[in-house]
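Novice: Have a look at this one.
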Amino acid sequence: MSAPKVLFIGGTGIISSASSALAVERGYDLYLLNRGASTTRPAPEGATVLHGDIRDPESARAALGDHEFDAVVDWVAFTPEHVQTDLDLFTGRTGQYVFISSASAYQTPPARLPITESTPLRNPYWQYSRDKIACEDLLVRAYREHAFPATVVRPSHTYDRTLVPIDGGWTAVERMRQGKEVVIHGDGTSLWTLTHHTDVARGLVPLLGNPRTLGEAFHITGDDVLTWDQIAHTLAAAAGAEARIVHVPSDVIAAEDPEWGPWLLGDKAHCAVFDTSKLRSVVPDFTTHVRFEQGAREIVEWFDADPARKVVDERFDALHDRLAARFRV
């Protein structure tokens, strides 16, 4: 039996890089369609890179040639227009099309926890999430009306060593090291699920080419659930510092900063705890391998390895100063 032939559109991002590496490790015949080599996360050895731009359908067609695939995963589709391009490109030439949606598409705030795949999709705060919902709607119609072999995957907050998973990114860690206060939304006790990108890969790769997944949606999240205060303290410990936390109401932050507000109110301000029973019914050995204590050390080590990576956002730094001055106890 030949190895499944799989195409990743993208394939060198935070989530997709781990999935690319695992797919090659497990013997998949992996192709990547992207515009060029990534210096941060290069394509794994053994993958075939097709150079083309998915935003330019003619460029994508030329790169794809007459290839057909057992599964296609689009990591960079964000609007219904993007998905329609994929429908036009891949109808009749793939056994499965996997759309990477987002757990932020779920009802916000959630009426019940844990969140399951049957939780309604509705996010009145964040356009990104509404666009993902519209993409899913388009694929549901394509599956129902034309048997287009769609599978929807909804990751939640996924990180790798290059991503500091609290608001402010490295700026927040640098503030901790300097003894400055850091702003955490709400009272810091809401529950949040963080998933290392290698754990998402362990859930996603076994779905590829699996006929039981067609027409279905799965979220892929670990079971590493922490409060936002715990996340900050864990990062501080990894950085050899102390987290001096100032709590600020989420709606105040949103009013103060229109860039921070939508994705705070549309995602992080609410508890996010997930039931992964559906995923484990298809991938029985799925579990969390990387806890955030380990992930935090990886993050700090990566940033410390190159001073050029440790960029402080002056605007965000000043915003922390203003909010901390108003709300410190």
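Novice: Say each of residue 88 and residue 302 gets a label point 7 Å from the Cα, pointing the same way as Cα to Cβ; how far apart are those two points in nm?
Specialist: Each label point is offset 7 Å from its Cα along the Cβ direction, giving 3.5 nm.
Novice: I would also like to ask the following. Using alpha carbons only, how many angstrom separate the centre of the range 1-47 from the centre of the range 259-329?
Specialist: Rounded to whole Å, the Cα centres lie 25 Å apart.
Novice: At a Cα cut-off below 16 Å, give the aspartates and glutamates reachable from residue 132, other chains included and same-chain residues fewer than 8 away excluded.
Specialist: Cross-link targets: 74, 81, 86, 117, 216, 267.
Novice: Do you know the relative contact order of the chain, to the nearest whole percent, from alpha carbon pairs under 8 angstrom that are 6+ apart?
Specialist: Reported relative contact order: 19 percent.
Novice: Cβ under 13 Å from residue 223's Cβ, residue 223 left aside: what net charge do those residues give with Lys, Arg +1 and Asp, Glu -1?
Specialist: After counting each charged neighbour, the total is 0.
Novice: In addition: Given only helices, namely DSSP H runs of n ≥ 4 each adding -39500 (n - 2.57), what is the per-residue ellipticity at 222 nm of the chain, to the nearest 500 deg cm²/dmol?
Specialist: Only helices count here, giving -11000 deg cm²/dmol.
Novice: Mean separation of Cα pairs under 8 Å and 6+ residues apart, divided by the residue count of the range 175-259: what relative contact order is that in percent?
Specialist: Relative contact order of the range 175-259: 51 percent.
Novice: For the chain, modelled as a Gaussian network with Cα springs under 10 Å, which listed residue fluctuates most, 191, 22, 113?
Specialist: 113
Novice: A further question on this structure: State the answer as a single residue: which of 159, 6, 289 lies farthest towards the positive end of the charge dipole of the chain, with beta carbon charges of +1 for Lys and Arg and -1 for Asp and Glu, about the Cα centre.
Specialist: Farthest along the dipole direction, towards plus: 289.
Novice: Considering Cα pairs under 8 angstrom that are at least six residues apart, work out the relative contact order of the range 1-154 and quote it in whole percent.
Specialist: Over the range 1-154, the number comes to 20 percent.
Novice: If you take the charge dipole of the chain about its Cα centre, with +1 on Lys and Arg Cβ and -1 on Asp and Glu Cβ, which of 264, 249, 299 is farthest toward its positive end?
Specialist: 249
Novice: Quick one: dipole size for the chain, taken about the Cα centre, charges +1 on Lys/Arg Cβ and -1 on Asp/Glu Cβ, in debye to the nearest 20.
Specialist: With only Lys, Arg, Asp and Glu charged at Cβ, the dipole is about 400 debye.
Rule-based calculations on the coordinates, nothing more; no lab input. As the structure is a prediction and not an experimental result, all values here were calculated from the model. Here the Cβ is made from the backbone with ideal geometry for all residues, glycine too, and neighbour counts use every protein chain on show.
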